[in-house]
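Structure first, commentary second.
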Amino acid sequence: MNKIKILWVDDEIDLLKPHIIFLETKNYEVITCISGQEALEELAKTRVDIVFLDENMPGISGLETLSEIKVIDSSLPVVMITKSEEEFIMEEAIGSKIADYLIKPVNPNQILLSLKKNLDHSRLVSEKTTSNYQQEFRKIAMDLSMVNSYQEWVDLYKKLIYWELQLEEIEDSGMFEILESQKTEANQQFGKFVDRNYADWFTDADAPVMSHTLFKEWIAPEIKDQKTLLIVVDNLRYDQWYAFEDSVNSFYKKKKENSYYSILPTATQYARNAIFSGLTPLDMEKKYPDWWKNDTEEGGKNLFEDKFLEEQLKRLGLNLKWEYHKISSLKQGKHLSQNFKAQKDNDLTVIVYNFVDMLSHSKTEMEVIKELASNDKSYRSLTTSWFKNSPMLEIIQQAQSLGMKLIITTDHGTINVKSPSKVVGDRDTSLNLRYKTGRSLTYEKNDVLAAKDPKSIYLPSINMSSSYIFAKNDLFFAYPNNYNHYVSYYRNTYQHGGISLEEMIIPFIVLEPK
């Protein structure tokens with residue numbers, strides 16, 4: 001195996017002989033230079049793995065040498081070593097993307113630690129992460145056999161997401177496959193849990209906060225004391241929130257992170273209308289028949305969210321100055337961002353941002369999106385890339401400058417569907433791949449939660465004999481006609497409407513401006 005090569009640059013290099021001997025006994029090769037110019041000449045002809053660079057040298061300084069090194073090889077790690085503790089030197093060095101910063105006198109173990117941190121970091125992190133997950137695997141497996149409350153499911157799901165994000169950073173496909181199998185088992189158990197308990201949540205005092213109770217329980221208390229921006233990002237999963245949380249943290253600090261449950265179906269027309277109305281779909285249909293449309297009716301299903309919100313604010317006795325905006329295109333987002341200062345006098349500004357939903361649907365329709373979002377990791381990456389360059393981030397920056405509280409939430413999540421489940425229905429059966437409503441539905445009983453009486457879970461009936469079925473796990477409904485083409489087309493696409501941890505357990509984040 002080739003030795004790791006270190007270039008050590010210091011005008012007093014002779015005084016560092018003990019350090020160099022120590023490193024050589026550890027099987028490192030050390031090349032020495034006494035000036036920045038000599039170091040640059042050495043780098044022009046020799047490939048090294050890391051540079052230790054003295055900041056204070058005659059001739060060109062350490063900082064000037066650092067700049068030249070980055071021109072030669074921007075990825076080469078450079079450890080700055082200095083006698084000075086002046087802040088501006090540290091800032092200059094850190095701003096130039098140094099790998100580490102050490103204050104003289106340094107001892108051999110400091111040098112060794114810096115080498116391991118910069119050159120062996122990936123391997124050490126990988127080994128530690130794998131070891132930690134192996135220990136945690138047993139605890140998760142035990143929890144899976146015992147979890148029996150909605151809060152325990154929240155905790156378990158967030159633990160699975162944590163390990164998914166940790167393991168994706170290391171090159172250990174075996175560990176990742178084990179985690180995937182645990183997620184699959186978790187969703188199987190979660191489906192059974194929802195089947196047993198969901199109907200009771202509408203009448204039980206000890207029920208989770210759900211779509212129709214979210215505004216009253218959690219949003220209303222937050223908007224009474226501070227001007228607030230509420231952003232509902234359509235179709236946002238917990239792991240996607242974690243993926244771009246750091247970008248939000250540049251402007252806001254998290255005050256509260258809660259998890260709530262989407263109602264069934266975990267679909268926009270049901271869940272998001274429930275948020276803004278504060279009502280179940282059954283009550284919306286009864287109370288506002290002109291604003292509610294069932295699956296089989298023509299026309300947009302979310303056209304009256306602002307009207308629903310207006311009515312809910314009246315019921316709650318909240319006399320606020322507020323505005324509602326729905327963003328479904330880059331042009332709309334840019335326009336709101338450019339004119340956001342007009343919201344400064346509002347007590348509440350509500351933005352529904354449709355991008356993530358459009359992305360998940362376009363993955364089904366467009367081959368390029370299928371390639372870019374072929375799995376959960378790339379789906380998160382695509383979401384993060386969009387967010388960092390989106391008007392939504394610009395709007396968040398402006399809200400921070402106006403001193404507004406920020407609430408970020410969603411209406412439901414989404415799941416990458418893998419396996420088909422055959423279903424038969426009449427011509428009026430709804431089209432969604434993760435839930436169906438209609439008459440005379442025939443289906444695989446083990447694959448679904450069936451609601452033969454929709455009123456029992458506060459859903460409207462299209463007609464007297466209609467029922468609902470909801471797909472569990474990572475299943476999607478497929479008709480027997482043209483079955484193979486249908487399955488091939490929709491497998492490995494992101495869908496929502498059914499029962500899974502990813503679709504039902506979703507984030508509610510409250511943040512204060514920095």
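Does the stretch 4-119 classify as rounded, prolate or oblate by the C-alpha gyration tensor (a ≥ b ≥ c root eigenvalues; a/c under 1.5 gives rounded; else a/b over b/c gives prolate, otherwise oblate)?
Cα axes put the stretch 4-119 in the rounded bin.
Under the classification rounded if a/c is under 1.5, otherwise prolate if a/b is larger than b/c and oblate if not, where does the stretch 209-514 fall, given a ≥ b ≥ c as square roots of the Cα gyration tensor eigenvalues?
Cα axes put the stretch 209-514 in the oblate bin.
Please give me, ordered by residue number, the trypsin sites (Lys or Arg not before Pro) of the stretch 378-435 that lie in loop per DSSP and have at most 15 other Cβ atoms within 10 Å.
Filter output for the stretch 378-435: Lys418, Arg427.
Taking neighbour Cβ counts within 10 Å as the exposure measure, how do Ser401, Ser75 sort from fewest upward?
By the 10 Å Cβ count, ascending: Ser75, Ser401.
So which aspartates and glutamates pass the test for Lys307, namely a Cα distance under 13 Å, with those fewer than 8 places away in the same chain ruled out?
Asp290, Glu323
Straight-line reach from Lys83: which lysines have Cα under 21 Å away, leaving out those fewer than 8 places along the same chain?
Straight-line reach from Lys83, under 21 Å: Lys17, Lys97, Lys104.
What percent do you get for the relative contact order of the stretch 4-119 when only Cα pairs under 8 Å and 6+ apart count?
24
Sort out for me the Cα centre separation of the stretch 424-502 from the stretch 213-291, rounded to whole Å.
25
What is the order of Thr266, Thr25, fewest Cβ neighbours within 10 Å to most?
Thr25, Thr266
Could you run the Karplus curve 6.51 cos²θ - 1.76 cosθ + 1.60 with θ = phi - 60° over the stretch 304-314 and give me ³J(HN,Hα) per residue in whole Hz, x for Gly and Pro?
In residue order, the calculated couplings are 10, 4, 5, 5, 4, 5, 4, 5, 5, 4, 5 Hz.
Could you list Asp200, Asp306 in order of exposure, starting from the residue whose Cβ has the fewest other Cβ atoms within 10 Å?
Exposure proxy ranking, most exposed first: Asp200, Asp306.
Taking the square root of 5 times each eigenvalue of the Cα gyration tensor, what semi-axes in Å does the equivalent ellipsoid of the stretch 122-200 have, largest first?
In descending order the semi-axes read 27, 11, 10 Å.
Could you tell me how many degrees, from 0 to 90 and to the nearest 10, lie between the Cα long axis of helix 36-45 and the main elongation axis, the longest principal axis, of the Cα atoms of the chain?
70
Find, among the chymotrypsin sites (Phe, Trp or Tyr not before Pro) in the stretch 1-69, those assigned to loop by DSSP (not H, G, I, E, B) with at most 10 other beta-carbon atoms within 10 angstrom.
none
As a test of the formula, what do you get for the chain when each DSSP H run with n ≥ 4 contributes -39,500 (n - 2.57) and the sum is divided by the residue count, at 222 nm and rounded to the nearest 500 deg cm²/dmol?
Result for the chain, helices only: -13500 deg cm²/dmol.
Remind me, relative contact order of the chain in percent, using alpha carbon pairs under 8 angstrom and six or more residues apart?
16 percent.
In straight Cα distance, which lysines are under 24 Å from Lys253, not counting same-chain residues fewer than 8 positions off?
Result set, ordered by chain and number: Lys158, Lys159, Lys216, Lys224, Lys227, Lys341, Lys344, Lys388, Lys405, Lys514.
Please list 3J(HN,Hα) in residue order for the stretch 436-453, calculated via the Karplus relation 6.51 cos²θ - 1.76 cosθ + 1.60 where θ = phi - 60°; whole Hz, with x for glycine and proline.
Computed from phi, the couplings for the stretch 436-453 are 9, 9, x, 9, 6, 6, 10, 7, 7, 4, 6, 8, 9, 9, 10, 10, 6, 10 Hz.
What is the stretch 447-514's relative contact order, in percent, from Cα pairs under 8 angstrom and six or more apart in sequence?
27
For the chain, how big is the tail of P(r) above 32 Å, as a whole percent of Cα pairs?
54
Using only Cα atoms, what is the ratio of the radius of gyration of the stretch 433-514 to 2.2 N^0.38 Å?
Ratio of Cα Rg to 2.2 N^0.38 Å: 1.37.
So how tilted is helix 391-401 from the main axis of the chain? Cα-based, degrees 0 to 90, rounded to 10.
Taking the Cα atoms of the chain, the angle to 391-401 is about 80 degrees.
Since every read-out is calculated from the coordinates, none of them should be taken as a lab result. Since the structure is predicted, the reported quantities are computational estimates derived from the model, not experimental observations. Every residue, glycine among them, receives a Cβ derived from its backbone with ideal geometry; neighbour counts consider all protein chains shown.
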